[in-house]
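Please read the structure below before turning to the comments.
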There are 2 protein chains.
Amino acid sequence: MICLDKSYFETLSKVPRLNLINSCMGYKSANLIGTVSKDGVTNLAVFSSITHLGSDPALLGFILRPTTVPRHTYSNLRESGYFSVNAISESFIRSAHQTSANYPKEVSEFEATGITVEWKQGITIPFVDQSPVQLLCKYLNEYTIHENGTLHVIASIEKIYVNESMLSDDYWIQLDKGGVVSINGLDGYAKTELLERLPYARANKDKSAF
Amino acid sequence: MICLDKSYFETLSKVPRLNLINSCMGYKSANLIGTVSKDGVTNLAVFSSITHLGSDPALLGFILRPTTVPRHTYSNLRESGYFSVNAISESFIRSAHQTSANYPKEVSEFEATGITVEWKQGITIPFVDQSPVQLLCKYLNEYTIHENGTLHVIASIEKIYVNESMLSDDYWIQLDKGGVVSINGLDGYAKTELLERLPYARANKDKSAF
């Protein structure tokens, strides 16, 4: 094992430090957040920080650095109050990643990257047509993380759209059946394959069973 | 696509609702948090919510529901101020998952599940010997998420231990080289394989390139 301590990685230049710190805590979720501006320009941005917060009520959170590219996402979702979360599949990782480029506000990342927009009846928020799991979310609150000035945005899950083949009888969504990827660091996209679902762990279980 | 809306999933019983909401936002990181009590009892608990917050300074966050099993993790890390984060590999998913059982405070999950504790020179926090990426973290702060009463714990990364074979020249850690898994929902463990690392996205790139 190599040991890199804080005083060492603080001396690294920007890109290696981003690579190291972004990849050291494991795989991240791979989603595109879809929004629309009050002028009707659709926006799409890749996010790897969307995390489950609780199931009752159904909540998620994500981290936003107000000074970087997805700031259009933030202004749009504050204006409309809503956004979509769209799982990234193996078949469109390149166009999904391209949404992280710094396009001007009047350019839609859907058009710029060739991702197909899907409009659902009665909903004014854009979805990613190719995505096998899509969420409609409602902005609830935000917490400033004073240690580095990022925002932790909290939202409720209002609707879940999922390919029928991925939904099991007990309502678990098997992500690999939709080719959903995970993110390794800033720029690594990984395909995944279920090893197994494990039973609820009980303290009195015979140790030989695991 | 099936559409499940909020009024529908609020009627589901506890387990299906947990399955659905925990699996709908993609893959999660798979780590064991190691701590020790002031009485010297080591503790280990699986966490799927550890998320990158920023690289300068190097920060991570995770979500803690004070009323569920990993409460020993919380009391320990508040007492000592430190904890370890240990990546879960394919070779020990069953014993890692077993740490989620509700063991009494005087029982060490290391002993109960057969995971080998590693003590590093000069550090009083336990690590997982089998883990190919290990972090020493320092508690900094916590934010109560008022929407559901969970805690968002913020910590700095003090040291990173990584298998040399996983560390690339630009300091990116290739997780699949260490067999690091990701979590699908509450109980699904998935192996991963790198598809590709994509170049930094630029707005003026020819669309045919992605």
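Taken together, the values in this text are just the output of simple stated rules run on the coordinates, not laboratory data. From a predicted model like this one, the values you see are computed outputs, not experimental measurements. Backbone-built Cβ (ideal geometry, glycine too); neighbour counts: all protein chains shown.
So what is the 222 nm mean residue ellipticity for chain B from helices alone, if each DSSP H run of at least 4 adds -39500 (n - 2.57) and you divide by all residues, rounding to the nearest 500 deg cm²/dmol?
Helix-only estimate at 222 nm: -4000 deg cm²/dmol.
In the Gaussian network model of chain B, springs joining C-alpha atoms below 10 Å, which of B:PHE83, B:PHE47, B:PHE62 carries the largest mean-square fluctuation? The residue with the greatest mean-square fluctuation here is B:PHE62.
Explain nothing, just the number: relative contact order of chain B, from Cα pairs under 8 Å at least 6 residues apart, as a whole percent. Kindly include the intermediate steps, with their values, before the conclusion.
Values: 367 pairs, mean separation 47.5, N = 210.
The normalised contact order for chain B reaches 23 percent.
Placing a label point 7 Å from the Cα of B:ARG71 along the Cα-to-Cβ direction, the distances to the matching points in the other copies come to 4.4 nm, shortest first.
For peptide A:135-143, compute the average count of partner chain beta-carbon atoms within 10 Å of each residue's beta-carbon. Don't skip to the answer; put the middle values down first.
Details: counts 2, 3, 1, 1, 0, 3, 3, 0, 5.
So the per-residue partner count for this stretch is 2.
Each copy carries A:LYS105; placing its label point 7 Å along the C-beta direction from Cα gives inter-copy distances of 5.4 nm, listed from smallest up.
Among the listed pairs B:LYS28/B:LYS177; B:LYS38/B:LYS138; B:LYS28/B:LYS105; A:LYS177/B:LYS177; A:LYS177/B:LYS28, give every one whose C-alpha distance is greater than 25 Å.
Values: B:LYS28/B:LYS177 18 Å; B:LYS38/B:LYS138 16 Å; B:LYS28/B:LYS105 27 Å; A:LYS177/B:LYS177 23 Å; A:LYS177/B:LYS28 16 Å.
Violating the 25 Å limit, Cα to Cα: B:LYS28/B:LYS105.
Springs between Cα atoms under 10 Å define the GNM used for chain A, and in it the highest mean-square fluctuation of A:LEU18, A:LEU53, A:LEU175 occurs at A:LEU18.
Tell me whether the protein assembly as shown comes out rounded, prolate or oblate; compute the Cα gyration tensor, take square roots of the eigenvalues as a ≥ b ≥ c, and use a/c under 1.5 as the rounded threshold.
On the way: a/c = 1.67, a/b = 1.36, b/c = 1.23.
The shape class here is prolate.
Note on B:LYS38, A:LYS28, B:LYS159, B:LYS105: ascending count of other Cβ atoms within 10 Å places them as B:LYS38, B:LYS105, B:LYS159, A:LYS28, the fewest first.
Take every residue in peptide A:81-93, count the Cβ atoms of other chains within 10 Å of its Cβ, and give the average of those counts.
Numbers: counts 0, 0, 0, 0, 3, 1, 4, 1, 0, 1, 0, 1, 4.
Counting Cβ atoms of other protein chains within 10 Å of each residue's Cβ and averaging gives 1.
Starting from the Cα gyration tensor of region A:28-191, take the square roots of the eigenvalues, sort them a ≥ b ≥ c, and report rounded, prolate or oblate (rounded when a/c is under 1.5, otherwise prolate if a/b is larger than b/c, else oblate). Please list the in-between numbers first.
Details: a/c = 1.28, a/b = 1.16, b/c = 1.11.
Here region A:28-191 falls in the rounded category.
Ordering B:CYS24, B:ALA45, B:LEU60 by the projection of their Cα atoms onto the charge dipole of region B:1-124, which places +1 on the Cβ of Lys and Arg and -1 on the Cβ of Asp and Glu, puts B:CYS24 at the extreme positive end. Inter-copy label distances at B:GLU90, shortest first and taken from points set 7 Å along Cα to Cβ: 1.4 nm. Counting, for every residue in A:3-14, the Cβ atoms of other protein chains within 10 Å of its Cβ and taking the mean gives 4. Overall, region B:28-191 carries a charge dipole of about 320 debye about its Cα centre when +1 sits on the Cβ of Lys and Arg and -1 on the Cβ of Asp and Glu, all other atoms neutral.
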